[in-house]
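Structure, as structure tokens:
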Amino acid sequence: DAKTTQPPSMDCAEGRAANLPCNHSTISGNEYVYWYRQIHSQGPQYIIHGLKNNETNEMASLIITEDRKSSTLILPHATLRDTAVYYCIVRAAAGTGANSKLTFGKGITLSVRP
Amino acid sequence: GAGVSQSPSNKVTEKGKDVELRCDPISGHTALYWYRQRLGQGLEFLIYFQGNSAPDKSGLPSDRFSAERTGESVSTLTIQRTQQEDSAVYLCASSLFSGANVLTFGAGSRLTVL
């Protein structure tokens, strides 16, 4: 049972912002939104996570809607190296008794073109 | 170590043989996860460990698959009587504790069953 839905693919021009959407309409109050990415032939890499506030780090920004039913990952200046599959995942916080595993869906394939 | 180390990086075996895949997590990480990724597919959860115990082994596809962890460190995934459908990349990840926000993945072990 998928908890998140993402478009299968998108592309953007190098140097432009890449905005990757994710729907998680059944998210529970104690569930966080996580983003990971997987560059070809590598293991997944953590990008960012958030609960309800917008978050920013050196890699990306995460914008979560007020109702928390959707979010957008923003790569502000996409480079060719950002071409990857991006996974949006929801999971309960630690200590809630929920299973700690991350369940990966199909993700969205981002292609950055020169 | 600095990252999650997996060995072998590549393994080619004949159908019916047993294989062992090894994962060395980041030092001090108490949680360890195994995933499988078939060619062109997403990540399938197999099992996770908290310490040396496996609270969730629900993803192991059959009794030919087993895993153990010793010394709250290295883990071994064993596949007995390998089948062609076992061909995949087996990914290991570790985190500070079960439910921690960041999982760090290794590069994976690519298994090919002829």
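The values are calculated or read from the model by the stated rules, or taken from the named source; none is laboratory data. All of these numbers come straight from a predicted model, not from anything done at the bench. Cβ: placed from backbone, ideal geometry, glycine included. Neighbour counts: every protein chain shown. Note: accessible area is taken over every heavy atom of the protein model, side chains too, but ligands, DNA and RNA are not part of it. Shrake-Rupley method; radii C 1.70, N 1.55, O 1.52, S 1.80 Å.
Report, largest value first, the span of the C-alpha coordinates of the range B:1-50 along each principal axis, in whole Å.
36, 21, 18
Calculate the spin-label point distance for B:GLU44 paired with A:GLU14, positioning each point 7 Å from the Cα along the beta-carbon direction, and give it in nanometres.
The modelled label-to-label distance comes out at 3.8 nm.
How about the protein assembly as shown: what cysteines have no other cysteine beta carbon under 4.7 Å from their own?
Lacking a cysteine Cβ partner under 4.7 Å: A:CYS12.
Tell me, what ³J(HN,Hα) does each residue in the range A:70-83 have, in order and in whole Hz, if you take phi through Karplus 6.51 cos²θ - 1.76 cosθ + 1.60 with θ = phi - 60° and put x for Gly and Pro?
Going residue by residue, I get 7, 8, 9, 8, 10, 9, x, 9, 5, 10, 4, 5, 7, 4 Hz, with x marking Gly and Pro.
Find which of B:THR13, B:TYR33, B:LEU60 sits farthest along the positive direction of the dipole of the range B:1-71, computed with +1 on the beta-carbon of Lys and Arg, -1 on that of Asp and Glu, about the Cα centre.
B:THR13
Tell me the relative contact order for chain B as a rounded percent, counting alpha carbon contacts under 8 Å between residues six or more apart.
37 percent
Hey, how many Å between the Cα centroid of the range B:37-114 and the Cα centroid of the range A:1-50?
Comparing the Cα centres of the range B:37-114 and the range A:1-50, I get a distance of 22 Å.
If amide H atoms are built 1.01 Å from N in the plane of the peptide, which residues on other chains or at least 5 residues away come under 5 Å of the amide H of B:PHE97?
B:THR30, B:ALA31
Which value, in debye to the nearest 20, describes the size of the charge dipole of chain B about its Cα centre when Lys and Arg Cβ atoms bear +1, Asp and Glu Cβ atoms bear -1, and nothing else is charged?
220 debye
Specify whether the C-alpha gyration tensor of chain B places it in the rounded, prolate or oblate class, a ≥ b ≥ c being the square roots of the eigenvalues: rounded for a/c under 1.5, otherwise prolate if a/b is larger than b/c and oblate if not.
It comes out prolate by the Cα gyration axes.
Under 13 Å from a point 7 Å along the Cα-to-Cβ line of A:ILE63: which residues of the range A:3-25 have their amide N that close?
A:17-22
Pop out the ³J(HN,Hα) list for the range B:87-97 in order, Karplus 6.51 cos²θ - 1.76 cosθ + 1.60 with θ = phi - 60°, rounded to Hz; leave Gly and Pro as x.
Once rounded to whole Hz, the list reads 4, 4, 9, 9, 10, 10, 9, 9, 8, 3, 7.
Given a 1.4 angstrom probe, I'd like the percentage of the accessible area of chain A that is carbon and sulfur, rounded to a whole number.
Values: 2900 of 5950 Å².
Carbon and sulfur together cover 49 percent of it.
For A:GLU55, B:GLU85, what's the largest-to-smallest order of accessible area, 1.4 Å probe?
Of A:GLU55, B:GLU85, the descending order of accessible area is B:GLU85, A:GLU55.
Which residues belonging to the range B:93-110 lose at least 20 Å² of 1.4 Å-probe accessible area when the assembly is complete, relative to their chain isolated?
When all protein chains are present, B:GLY99, B:ASN101, B:VAL102, B:LEU103, B:PHE105, B:ALA107 each give up 20 Å² or more of accessible surface.
Can you pick out the pairs among A:LYS3/B:LYS57; A:LYS3/A:LYS106; A:LYS3/A:LYS69; A:LYS101/B:LYS11; A:LYS101/B:LYS57 whose Cα atoms lie more than 19 Å from each other?
Result: A:LYS3/B:LYS57; A:LYS101/B:LYS11 exceed 19 Å.
Rounded to the nearest 0.05, what FRET efficiency do B:GLN80 and A:THR5 give with R0 = 35 Å and r taken as the Cβ-Cβ distance? Could you check?
Working: r = 37 Å, r/R0 = 1.06.
FRET efficiency, B:GLN80 to A:THR5: 0.40.
Taking a probe of 1.4 angstrom, what is the accessible area of B:ASP63 in Å², to the nearest 10?
Estimated to the nearest 10 Å², B:ASP63 gives 130 Å².
What is the percent carbon and sulfur in the accessible area of chain B, measuring with a 1.4 Å probe over the protein chains and ignoring ligands?
Percent of accessible area from carbon and sulfur atoms in chain B: 46.
Take the Cα radius of gyration of chain A and divide it by 2.2 N^0.38 Å, with N its residue count; two decimals is plenty.
With N residues counted in chain A, Rg over 2.2 N^0.38 Å equals 1.02.
If you take the accessible area of B alone plus A alone and subtract the pair, what total do you get in square angstrom, rounded to 100, with a 1.4 Å probe?
On the way: alone 5960 and 6710 Å², together 11190 Å².
Its buried surface, counting both partners, is about 1500 Å².
Can you tell me which aspartates and glutamates have their Cα less than 13 Å from the Cα of B:LYS17? Leave out same-chain residues fewer than eight positions away.
Here the aspartates and glutamates satisfying the reach criterion relative to B:LYS17 are B:ASP86.
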